[in-house]
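Below: the structure, in C-alpha cells.
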Amino acid sequence: MSDVNIKIDSSHESTNDVNHKSADNTDNKCANNYVVKVEMTRQMSLPTNLTSNHLPANSAPFLSPPQSTSSADPVHDLPPELLQQGWRRFWSKREGRPYFFNKVTNESMWDMPNSSGQYDPITDPLGIQSPVPPTPTDPVTPTLPTNFGHWPQRGDKRSLSMDDAITGQPPAKRFILNGPFDLEVHTNVIIWERSPLMLFHAHPELEALRAILVTKLRQQYHEMCHSRENIETPKESFNRWLMERKVIDKGCDPMIPSDCYSEMSRSMYNEIMNDIPIKLYKPKYSGEARKQLSKYAEAAKKMIESRNASPESRKIVKWNVEDAFQWIRKTLNATFEDYQQRLAHLKQQCQPHLTEAAKASVESICTKIYHLSCEYAKKIYQKNIEVLTADGLKESGPLRVQNPKKVFCYPVVLTHPCPKLPPVHIFTDKDMTHLRYKNDSLRVSTLYLQKLEQLYRYNCFDDRKFNLFLTRVWCLLKRYQTWFGSNESTPTQGALPLSVFSVLQKHFGVTFECFASPLNCYFRQYCSAFADTDGHFGSRGSILNFYPVCGSFEVNPPFCEELMESTVDHFERLLGNTSEPLSFIVFVPEWRDPVPKVITKLESSKFKRKHLVIPAYEHEYRSGLQHMCDKNELNVKSAHGTLIVFLQNDSGFLKWGPTPERVDELIEAYKCGRDKDIPILSPPPTPINNQKSESDKQIISESGHKLDDSTVSVSNCE
Ligand code: SAH
C-alpha cells in the first residue's frame, strides 16, 4: 500500500507565514521533538513526510513582533488574570495585527479574550464555575461544544480541524490525503454535549503492561480449556468475551473488564459448551462424516465416564454411543447424509447429559477468567496512579456539562490529566513505518501513518504541535495488537468496500461509522472500542455511550452477538427519542442456522424501512489488517451473505430513505472489484535522477520523519 499524496488545494497565506519561531520556548519543548518545519508550494506532494507538518496556521504560537511597540514586553502586556489563564499576545506578520494565544489550551484569537467571561481551564475545565451561565441554544441549531478547556470556539481563528459547516468560514489551507478513506467528509451528526470520560490517557508503559496481562489471561484461558475440557480454545472466543463483557462493564480499564453485574459470561460459556466433547465442523465427504461420527461417539463416552455424572446420564450416553458404533460397523454403504443424520441423532441424545456433566467446570472457567481479569485491571489502575503521581498529577473526579447544548459531534475528551509521555523511535522502510518504544517495535504502513496524522490534525486539540503524536500512535498500535492477539487474526475488523462507503455517503448522506478504529475508518468521525487511544484520532467512544439526535450512520459491527443486540436496542431508543432525521444502515452476516436474536430484532423493528441480502461469495470485505497487509490480501470474499437493514425514523426516511434508485446504486457498488474504480492517487515517482535541483533535494530530505537526534536512532531500528 503506497497510494499516497498530500496536496494543498487552496492557499491563502504565503509559506513564510507558517514558518515562524516560537516565542515561548518553554511551551514548545517537544517530548518527541516532532519537528515543525514547513516548505510548501501549491500542489506540491510530500511523499512520506510526517515531518513536514503542514501545520494549521494557528496551530503554534509564533512571535513576529512589530518593530515599534509601545510596550517593552508586548507578549506579556495583558491583564494579570489573562496572563494567569495562559494568554499571551503575539504579532501576525500575515495580518499585520496582534493576536492572542493561550499556552495552556492552545487556543488563539484575534480579539483580546474577555477575562470576566473566561474560566481557568485547569481548575475549571468545563467552565462550569464561570459566573456567566451558558446561553441556552435553539435546539435545532447545533453549535460548537462548550469546550473542555481546549475546544475551539466560535470567533476563534480558523483551525483546519474545525468543520467548515460549523464555522461557516472558508478554509485557510487544506491538505488532502488521498487513500482508501475520505477524511474530508464533514459530519451531519448532532449530539447533546457530553461529559468527559473518566479514563486515563494512554501511556506506553501502561500499554506494555496491559499487553503482558492480556496475553497472560489469554494463555490462562487457553490452558483451562485444554486441561479441564480437553478442547482447543474456541477461535476468537476470548476476543468476543472481551467485547461481550464491555457491553455491561462499568470498570475503569478500556479493555480489561472488571465491573460486570454478572460474573458469568454467556458468550464464553456457550462457546466452550459448543465444542464439548469435540468441535464439529462441516465435513465435505462421506469419509470425513464417518470419521467425525466415531470421534464424537468416543469423546462422549470418555467424557461421561470421567465426569461426575448421574448414573442415569451415564447409562443413556453409553447406550447411545454403543448403538452408534454398532450402526457404523453394520452399515457398510452408508451415504454422506446417513452419517450426518446419525451424528445429529447421537448429539441430540447425548448433548443434554454432557452439558449437565460439564456445567460446573465450564462455569468455573468463566468465573475464574473474570476474577483474573479484575485482578489485572486493578494492577493497571495502580500503575496509572503511579505514573500520574510521578508527574505530580492526580486523577480527577467526574465532570458534568451543565445546560448541555446540541452540537455537532466531537471527539471524546478525558477527565484525567495527561502525564508526560516518553518519546518513541521511528524508522521508515519502503512503505512500512516502524515505531519503537524500548525494545518493542510496531509497524504500520506509511500511508496509514499519514492517515493517522491527518486524523490527529482534525481531531486532537491538546497537542497542536504534534509533540505527542508518535507516542500516541505507538499506544494505539499496541492496543490493537494486544486485542488482535499474537496470531494477528482480525475477523472483528473487516470493513465494507470503499465503493460501498462512497455510495452510502453520496446517496444516503452517511458521514459516520458506528463501528470502526482509527486504522479502518473511512470517515474522520466514528465510534470505536477504545476512547482513550482512539479519541485523539477522531473516535467518539463506544457506540453504546453515544447518543446522536440527528445524522446518517453506517453500521458494520464486529460479530459479537451481545454487542450487536445491545446496539440494535440502543438504536431503537435513539430513533424513538428524536424527531430530527436519524438513519442507521446496518450490515450484519446473514446467519440462519440458527437465526441470531439480532436478526430477529432487526427484521421486526418498527423502524425498519427495507432489508436486502447480498449473497455469499458475491461481495468482498476489506481485510482487518488493511493498515499493514499486502495489496493482494486487501480484499477478502465474504463466505456469508450480508443482510442490510435500513432503520430510520420518519424524518430520516424522508431525507435518506432507501428509494429504488439509491438501493440499485448500493447493490451495484457491492459488486466485486468495484473498489478499483475509486480513484486513489499513486505516490509520486521516486526521483532517480542524480542531478536533482536544490529544491528537489529539499523536498526529498523533508520526506523522512524528521526528529531530534537525541530521541531518534533510526539506524538502530530493525
Ligand atoms: N469501520 C469499518 C470496519 C468495522 S469493523 C466499517 O464500518 O466497515 C468493526 C469495528 O468495530 C472494529 O474496528 C472494532 O474495533 C470496533 N468496535 C468494537 N467494539 C466497539 C464499540 N463498542 N463501539 C464502536 N466500535 C467498536
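The values are calculated or read from the model by the stated rules, or taken from the named source; none is laboratory data. Owing to the predicted nature of the structure, the values given are computational and were not obtained by experimental measurement. Every residue, glycine among them, receives a Cβ derived from its backbone with ideal geometry; neighbour counts consider all protein chains shown. Note: areas computed on protein heavy atoms with side chains; ligands, DNA, RNA excluded. Shrake-Rupley method; radii C 1.70, N 1.55, O 1.52, S 1.80 Å.
Checking segment 587-600 against the condition returns a match, with at least one residue being in a helix (DSSP H, G or I), without any contact (Cβ under 8 Å) to a residue 60 or more places away in the chain and polar (S, T, N, Q). On inspection, residue 560 passes the criterion of being within 16 Å of the ligand (Cβ to nearest atom), at pLDDT below 95, under 22 Å from residue 492 (Cα atoms) and open to solvent by less than 10 Å² (accessible area, probe 1.4 Å). Filtering 533, 471, 428 for residues that are touching a residue at least 60 places away in the same chain (Cβ under 8 Å), part of a strand (DSSP E or B) and either more than 16 Å from the ligand (Cβ to nearest atom) or under 20 Å from residue 207 (Cα atoms) (or both) leaves a single hit, 428. Yes or no: residue 606 in a strand (DSSP E or B), open to solvent by 20 Å² or more (accessible area, probe 1.4 Å) and of a type outside the set (Phe, Trp, Tyr)? Spelling it out, it is not the case that residue 606 is in a strand (DSSP E or B), open to solvent by 20 Å² or more (accessible area, probe 1.4 Å) and of a type outside the set (Phe, Trp, Tyr). Residue count for segment 80-101 under the criterion of being open to solvent by less than 60 Å² (accessible area, probe 1.4 Å) and either at positive phi or modelled with pLDDT of 75 or more (or both): the result is 12. Looking across segment 225-245, the residues that are among the acidic types (Asp, Glu), surrounded by 15 or more Cβ atoms within 10 Å (Cβ to Cβ) and over 16 Å from residue 256 (Cβ atoms) come down to 229, 236.
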